[in-house]
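Colleague: Got a structure for you, written out below as structure tokens; questions coming shortly.
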Amino acid sequence: MTIIKKYFAFFKLSFIRGTTYKGEVWWGFIVSFIVILFNYYLWKSIFSNNHSINDYGFIEIVNYFIIVRIVVSFTTNYFDRVLEKEIKNGLISNRLLRPTSLFVEGFCTNFGLSLWRLLISTLPILITGTIFVELNFELSGVNIFIFIFMLFVSFLFHYTISYIIGLLTYWTKSTGGLRHIKSLTISVVGGGLIPLTFFPDSIYKVFMLLPFKYFIYYPVKVLQGSFGLNELVDNIPLMSLWLAFLLVICFILDLLSKRKQILFGG
């Protein structure tokens, strides 16, 4: 129980810290309005001569990107940047001296921040979305449960990759390039740029073997009613395998980084 309280304190502190940034609410409205406005007119132009593309109509595709905004607001984290900065200036030693796991501490801290972002972003996104189209989400009890679960899975995947990239600072000196590759890969292969079914079948089949579909594409499909309990059960083996693989890499890098005798800037 003491361990739970200890890590819950990191979650609570980061969540409370997030509430101090009230300007983010207005910024969320502005960003959501611009992004949804862009997608609305972009896809309106694309659908001007088409009623449907890969089983998506105009209303469905705009709804797709509205849900993408909701998912991204929660799952995105920048712990890789935090780790790089602290490793370079030597402040990472303060974290390592604490009687806590760096991985779990970072997870709880980022989870608190992400939950706050989700809470302050969802309403602006939904309000902005209703200005342009009729919202059409599948909100049955089971679907809400699956969506929450997939959001958590998406966050966990994103966090583990950010953690890995952050620790690689010990060997690469700078992870800026890796962070850009991560963002681009999640956007394209994760379904943030376009639905994955828009890609040719051969590419789509390759993407289905990778973990990035869990970042954005599948959580969005849940609220669009095309990813239910059966699909979740079918995906658990591959999902678990990828998570286990990434967690093992995190564990190995943890051990190797602690053996480093020189801390950057320290």
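Colleague: Looking only at the range 184-206, which residues are surrounded by fewer than 17 Cβ atoms within 10 Å (Cβ to Cβ), over 26 Å from LEU253 (Cβ atoms) and either in contact with a strand residue (DSSP E or B) (Cβ under 8 Å, 6 or more places away or on another chain) or touching a residue at least 12 places away in the same chain (Cβ under 8 Å) (or both)?
Modeller: THR197, PHE198
Colleague: Taking THR109 as the residue in question, decide whether it is closer than 28 Å to PHE29 by Cβ and crowded, with 17+ Cβ neighbours inside 10 Å.
Modeller: It is true that THR109 is closer than 28 Å to PHE29 by Cβ and crowded, with 17+ Cβ neighbours inside 10 Å.
Colleague: Taking THR130 and the conditions (1) surrounded by fewer than 19 Cβ atoms within 10 Å (Cβ to Cβ); (2) part of a helix (DSSP H, G or I); (3) touching a residue at least 12 places away in the same chain (Cβ under 8 Å), which numbered condition does it fall short on, given that it satisfies the others?
Modeller: The failed condition is (3).
Colleague: Could you say which residue among ILE164, ILE146 is farther than 20 Å from GLN224 by Cβ, among the β-branched types (Val, Ile, Thr) and more than 13 Å from the chain's Cα centre (by Cα)? Give the derivation first.
Modeller: Details: ILE146 fails: farther than 20 Å from GLN224 by Cβ.
Sole residue among the options that is farther than 20 Å from GLN224 by Cβ, among the β-branched types (Val, Ile, Thr) and more than 13 Å from the chain's Cα centre (by Cα): ILE164.
Colleague: Okay, next question. Conditions first: (1) buried (at least 18 other Cβ atoms within 10 Å of the Cβ); (2) modelled with pLDDT of 95 or more. THR169 passes all but one, so which condition is the exception?
Modeller: Single failed check for THR169: (2).
Colleague: Still on this structure, I have one more. Would you mind telling me which numbered condition in (1) at pLDDT below 90; (2) more than 24 Å from THR130 (Cβ to Cβ); (3) not β-branched (Val, Ile, Thr) LEU115 fails?
Modeller: Tallying (1) at pLDDT below 90; (2) more than 24 Å from THR130 (Cβ to Cβ); (3) not β-branched (Val, Ile, Thr), LEU115 fails exactly one: (2).
Colleague: Got a number for residues in the range 226-258 being under 24 Å from ASN54 (Cβ atoms) and either charged (D, E, K, R) or free of Cβ contacts under 8 Å to residues at least 40 places away in the same chain (or both)?
Modeller: Final tally of qualifying residues: 6.
Quick grid of which residues meet (1) at pLDDT 90 or above; (2) among the aromatic types (Phe, Trp, Tyr); (3) under 20 Å from ILE161 (Cα atoms); (4) in contact with a Gly (Cβ under 7 Å, 6 or more places away or on another chain):
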| site | (1), (2), (3), (4) |
| --- | --- |
| ILE4 | no, no, no, no |
| THR20 | no, no, no, no |
| VAL25 | no, no, no, no |
| ILE67 | yes, no, no, no |
| SER73 | no, no, yes, no |
| GLU86 | no, no, yes, no |
| LEU102 | no, no, yes, no |
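Colleague: Another one. Please pick out the residue among ILE181, ILE216, ILE120, ILE125 that is hydrophobic (A, V, I, L, M, F, W, C), buried (at least 18 other Cβ atoms within 10 Å of the Cβ), under 19 Å from the mean Cα position of the chain (by Cα) and closer than 30 Å to LEU91 by Cβ.
Modeller: Values: ILE181 fails: buried (at least 18 other Cβ atoms within 10 Å of the Cβ); ILE216 fails: closer than 30 Å to LEU91 by Cβ; ILE125 fails: closer than 30 Å to LEU91 by Cβ.
Among ILE181, ILE216, ILE120, ILE125, only ILE120 is hydrophobic (A, V, I, L, M, F, W, C), buried (at least 18 other Cβ atoms within 10 Å of the Cβ), under 19 Å from the mean Cα position of the chain (by Cα) and closer than 30 Å to LEU91 by Cβ.
Colleague: Sticking with this structure for a sec: List the helices (runs of 4 or more DSSP H) inside the range 153-266, counting only whole elements, that have at least 1 residues being of a type in the set (A, V, I, L, M).
Modeller: 176-189, 201-207, 217-223, 229-258
The values are calculated or read from the model by the stated rules, or taken from the named source; none is laboratory data. Not measured: the values here are computed from a predicted model. All Cβ positions, even for glycine, are placed from backbone atoms using ideal geometry, and neighbour counts span all protein chains on display.
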